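This report refers to the structure that appears directly beneath it.
We did not get these values from a lab; they are worked out from the coordinates using the rules stated. Keep in mind the model is a prediction, meaning the values are calculated, not measured. Because the Cβ atoms are built from the backbone with ideal geometry, glycine has one as well, and the counts that use them run over all protein chains shown.
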Amino acid sequence: MSLLPRLQLSASTLLPVLAGLLFGSLMLLGGPPALVGALVAVLTVVAILTRPVRGLLLFCLIAPFVPWTTVTIGIRMTVSEALLALTWAGVFTQWLMGRLPSWKAGPTERRMLWLMAWSIVPLVAGQYMVHEEGNGPVNWVRWLLNVSTLLLVPILTPTPALRQRMMDCLVIGFTAMLALSLGVFIKSPDARTMIPVLASLHYAHPEALMDIFSSMYNRMASPWVHPNSTGGVLLLGVPLAAFYGVSQTGWRRALSLFVALAGSAGIVFSGSRGALLCLAALVVWLAWRRVPMAGRALLIGTLLAATMLVAYPPARERLVSLTQGSQDASTSVRFDEYRNFHRAVERYPLGLGFKVETPATGGGVYGISNLWLNYWYKLGLPGMLFFIALTVAWWREVRLTGDLSKMKADQALHVGSVGAMLAALLTGFIDHYFSFTQVLIALFWLTMAISLQASRPLPQPVRETTPS
């Protein structure tokens, strides 16, 4: 018998020892707050790795509410993007263990994979052609995480019960965002009062917050910071919530109705002209298709919008500025962008890439307030063509055919999600925030995924055969 004791520890014994050392060190160095934070982080990681749908649900809850709250994990990134990264880690872990069912990509998802693959070309080109400070690979990975919501939804929510939980989280997230934004706005219409709130939520670049809220102090502030981003996200949330609530009862219907009404008011108070006009165009289109309640919603919405515009002069002034043409400052900038866009694509024929955001600095190169042309700017002409092919494939799968005047409850989410996407794409003619704005584009692609899931037949359950 050996005199030396055996020092080999099994994994089940070693793990608690290492955990005890880690948490003991955190307790000594950081005190109870650091210990509690570490415990919450570890529990969250374990919960998502073992069941990745939890990460998607947490994203749907947090992203609409506080999209740009940051966390430092080697690099500083938003909590929303960290949740998406962790969710994908859970997906790969469960796939390796054989616990996730096989998934077959549809036409729209396949075109998204082609767009992702092409993005490597402008990524590399931008690293050499753009002589500015920036971390292209990190920004590229963040963009991949944001657009990947189109793929996560069909993988993780194959059943109606899981899709309902996802929609519940989205509605709750939008409710929290609107409650905070309208609450601060009612207390004080000065947008600068939101700055301390967002600072406490660890928003990055406080100087940018001060600049945006100071220059637009008479427009409703929100966790989405820029009023146009606020209008854009509400343009997705309002139709989704309105039609989701049609098929629900109890608290789900109550929260959905709140998001639909309060979100419409938020669009007016934010002064986002594009979002307001596109929401109105959506309601008119739904009324023309004779969707139940759309005509009544058009009448009530017109009366409420007129009342709010009369009661809130800044919103009225923003809407009236549409008739001023090139005399309006923001409209004049858009005209300049179109006139100078050829210079941008000549300078970056393979796309600006991900090193810096548009517009590239210096040389009189402007950005572009157009969804499709911004894809051309960032990813080159092939990138824009891939995006167009993707949206065409999406429309072929989800287009609303037949008589919508006899819409059933199980069709409501299909109509609402397709309507939200059409309104978002319509804003693309006058703004670009649904192209590369982090987290906002994650919700854009999430909405597209919801419309695809709602339009596709449910997978047939696998029947087990017993040997005779």
Tyr338 paired with Arg399, simple spin-label distance in nm, labels 7 Å along Cα-to-beta-carbon: 2.7 nm
Given Leu123, Gly106, Trp88, which one lies farthest toward the positive end of the charge dipole of the stretch 68-135, if we put +1 on the Cβ of every Lys and Arg and -1 on the Cβ of every Asp and Glu? Gly106
Which ³J(HN,Hα) values, rounded to whole Hz and listed in residue order, are derived for the stretch 262-267 from phi using the Karplus coefficients 6.51, -1.76 and 1.60 in 6.51 cos²θ - 1.76 cosθ + 1.60 with θ = phi - 60°, glycine and proline given as x? 5, x, 5, 5, x, 5
Stretched fully, the stretch from Ala161 through Thr72 gains (0.36 nm per residue minus C-alpha distance, one decimal, in nm) 28.7 nm
³J(HN,Hα) across the stretch 125-140 via Karplus (A = 6.51, B = -1.76, C = 1.60, θ = phi - 60°), whole Hz, x for Gly/Pro? 4, x, 4, 9, 8, 9, 9, 9, 6, x, 10, x, x, 5, 5, 5
Most packed first (mean Cβ within 10 Å per residue), the peptides 447-456, 196-205 order as 447-456, 196-205
Mind giving me the FRET efficiency for Ala89 and Lys408? R0 is 45 Å, r the Cβ-Cβ distance, nearest 0.05 is fine. 0.70
Whole-Å distance, taken between Cα centres, linking the stretch 101-157 and the stretch 38-97: 18 Å
When ranked by the protection proxy of mean other Cβ atoms within 10 Å per residue, highest first, what sequence do the peptides 334-346, 210-222, 395-407 form? 210-222, 334-346, 395-407
Where a ≥ b ≥ c are root eigenvalues of the Cα gyration tensor, a/c under 1.5 meaning rounded, otherwise prolate if a/b exceeds b/c and oblate otherwise, the stretch 112-455 counts as oblate
For the residue pair His205 and Met116, what label-to-label distance in nm results when each label sits 7 Å from Cα along the Cα-to-beta-carbon direction? 2.6 nm
